[in-house]
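The values are calculated or read from the model by the stated rules, or taken from the named source; none is laboratory data. What you see is a predicted model, and the numbers here were worked out from it, not measured in a lab. Don't worry about glycine lacking a Cβ; one is built from the backbone with ideal geometry, like all the others, and counts go over all protein chains shown.
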Amino acid sequence: MNTEAYHMTPFSKTGASARLKDYKLNTLLDITKAINENSSREDLFVKFKEVLRENLMTGKMVLFMKEEDWIVAASFGVDLEGLDVDVERDLLGFREIMHIYLKPEPHLDLFDVVIPVLHKSQPLAFLLIGDIDEESLQISPTIKHRPFIETLTNIIVVAIENKKLAKDQLRQEGIRKELELASEMQNMLVPGTLPKNDKLQAAAYYQPHQQVGGDYYDYIQTSDHEVVFCMADVSGKGIPAAFLMSNFQAYLRALIKRIPLFYLIQRLNRKVMESAKGQKYITMFIAQYDLNTRVLNYINAGHNPPLLLTRNEDGVIQSELLKIGCTGLGMFEDLPKVDEGSIGIPENATLLCYTDGVVELENEKGEEFGLDALIKLVADNGNLSMDDLIEMIKTTLKNYKGHRPYIDDIALLAAKFI
């Protein structure tokens, strides 16, 4: 807009009042047009300062806006290095426009007026304005044009706030889509079906703490007489954990039929280290079971030890924790030591794999569910089908926590060797 016509001492000629009203209206239209054309906040501030300084003869101005912290968004006529104004200390008490002389504040004595911009009682910005010529007998431009300055400030601040909200909404929408993708991807990680035949019955359950989580279980038929069970838990939650676990599963499935467990675990360790750069690690239990020989070979890489429940000759239930293995994956460039466990599986033995979200679940007193309670629960319900056993554990955990939320992902994988 051409504003040269308004640089007279200001608006003092015949018809000045009408021309001033036209100027203010045109200025508001000009600013509104700039907002509708999605002008940057920097461009809006340039226009804002031009109107106040060049056209309304305002001597000095500082606009504080709330970002992460309160910042000076725009200013002129003030030495910012020497400015001693703290929004929290000096301005939050202002809920309406105030002339400084009516409420003297030592840190605000450079200015004439405080204009707060509020939304639902929450401050968005504070405008401090004043005049250079404090000895002049003329009406201060700050006072004379205060209603217009207030309107203009509100329009610009609200527009910038709306831009921020729009960006936040776009970011949230992006996050939502990422979560949906990660959730779909995570659903693809788990096996669609588990065996239920005359040699092996299995069931599983997974509940992420958030929309996506970092737990993973798998069942893989590697030959006509060998199967692999796997359960893993990545440190951290959310999208990064889900993506790391998806890469981990893909790599595991690509290698599982080609190399023995001892070498597989070392390749997996290097993959996690390469992918997570030492920022995350994965605990895992992996077991290979031969349906003909009934031998279970396994490696526990720092994971919660699975429960193996069997009956001795007298029918007494015995439990064993499968602990043999190595450290978690991704903790060291090279695993310090890898041991492999091997155990013969008697008929009707039950294996339960779980993640730490099960045993660390807290009740309303802050007490953890614990491993002993889990062992007893499985032992007392050894005659149930695996589907019913999983349902029994889920119900027990839900009742145990009461009104407290789940604090972690929960994963369960149960298998009965018939």
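Details
- Filtered residues of the stretch 33-49 (kept if part of a helix (DSSP H, G or I), without any contact (Cβ under 8 Å) to a residue 12 or more places away in the chain and out of contact with any helix residue (DSSP H, G or I) (no Cβ under 7 Å at 6 or more places or on another chain)): LYS33, ASN36, GLU42, VAL46
- Being modelled with pLDDT of 90 or more, more than 16 Å from ALA159 (Cβ to Cβ), assigned by TED's automatic domain parsing to the domain that holds PRO147 and in contact with a Pro (Cβ under 7 Å, 6 or more places away or on another chain) holds for only one residue in PHE64, PHE126, and it is PHE126.
- GLY382, sole failed condition from (1) in a helix (DSSP H, G or I); (2) touching a residue at least 12 places away in the same chain (Cβ under 8 Å): (1)
- Take the conditions (1) at pLDDT 95 or above; (2) under 20 Å from ILE282 (Cα atoms); GLU320 misses just one of them, which is (2).
- Residues of the stretch 397-418 satisfying the condition of being over 24 Å from the mean Cα position of the chain (by Cα) and surrounded by 13 or more Cβ atoms within 10 Å (Cβ to Cβ): LEU397, TYR400, LYS401, LEU412, LEU413, ALA414, ALA415, LYS416, PHE417
- For ASP79, the conditions (1) surrounded by fewer than 17 Cβ atoms within 10 Å (Cβ to Cβ); (2) touching a strand residue (DSSP E or B) at 6+ places or on another chain (Cβ under 6 Å) are fulfilled apart from (2).
- Qualifying residue in the stretch 50-61 (condition: part of a strand (DSSP E or B), modelled with pLDDT of 90 or more, under 40 Å from the mean Cα position of the chain (by Cα) and within 26 Å of PRO106 (Cβ to Cβ)): yes
- Qualifying residue in the stretch 327-336 (condition: assigned to a loop (DSSP other than H, G, I, E, B), among the hydroxyl-bearing types (Ser, Thr, Tyr) and either free of Cβ contacts under 8 Å to residues at least 60 places away in the same chain or buried (at least 16 other Cβ atoms within 10 Å of the Cβ) (or both)): yes
- Selection from the stretch 281-317 of residues that are polar (S, T, N, Q), closer than 17 Å to LYS416 by Cα and in contact with a Leu (Cβ under 7 Å, 6 or more places away or on another chain): GLN288, ASN297
- Residue satisfying condition, being in the same structural domain as VAL158 (by TED's automatic domain parsing) and either under 15 Å from LEU152 (Cα atoms) or part of a helix (DSSP H, G or I) (or both), within set ASP30, ASP84: ASP30
- Taken over the stretch 98-120, the criterion of being assigned to a loop (DSSP other than H, G, I, E, B) and in contact (Cβ under 8 Å) with a residue 12 or more places away in the chain is satisfied by GLU105, LEU110, PHE111, ASP112.
- Unique match (being surrounded by 17 or more Cβ atoms within 10 Å (Cβ to Cβ) and out of contact with any Cys (no Cβ under 9 Å at 6 or more places or on another chain)) among VAL87, VAL46: VAL87
- The stretch 220-248, subset in contact with a His (Cβ under 8 Å, 6 or more places away or on another chain) and either β-branched (Val, Ile, Thr) or in a strand (DSSP E or B) (or both), residue nearest to PRO195 (Cα to Cα): MET231
- The condition of being without any contact (Cβ under 8 Å) to a residue 40 or more places away in the chain and either touching a strand residue (DSSP E or B) at 6+ places or on another chain (Cβ under 9 Å) or among the small types (Gly, Ala, Ser) (or both) holds for only one of ASP339, ASP408, ASP372, ASP388, that being ASP388.
- Output for the stretch 347-367, where each listed residue is exposed (fewer than 13 other Cβ atoms within 10 Å of the Cβ) and either touching a residue at least 40 places away in the same chain (Cβ under 8 Å) or in a strand (DSSP E or B) (or both): GLU347, GLU364
- Residue within the stretch 224-246 that is surrounded by fewer than 14 Cβ atoms within 10 Å (Cβ to Cβ) and either closer than 30 Å to GLY344 by Cβ or touching a Phe, Trp or Tyr at 6+ places or on another chain (Cβ under 6 Å) (or both) present: yes
- Being under 30 Å from TYR263 (Cα atoms) and among the aliphatic types (A, V, I, L, M) is a property that holds for ILE324.
- Test: residue in the stretch 301-319 that is under 35 Å from the mean Cα position of the chain (by Cα) and surrounded by fewer than 16 Cβ atoms within 10 Å (Cβ to Cβ): no
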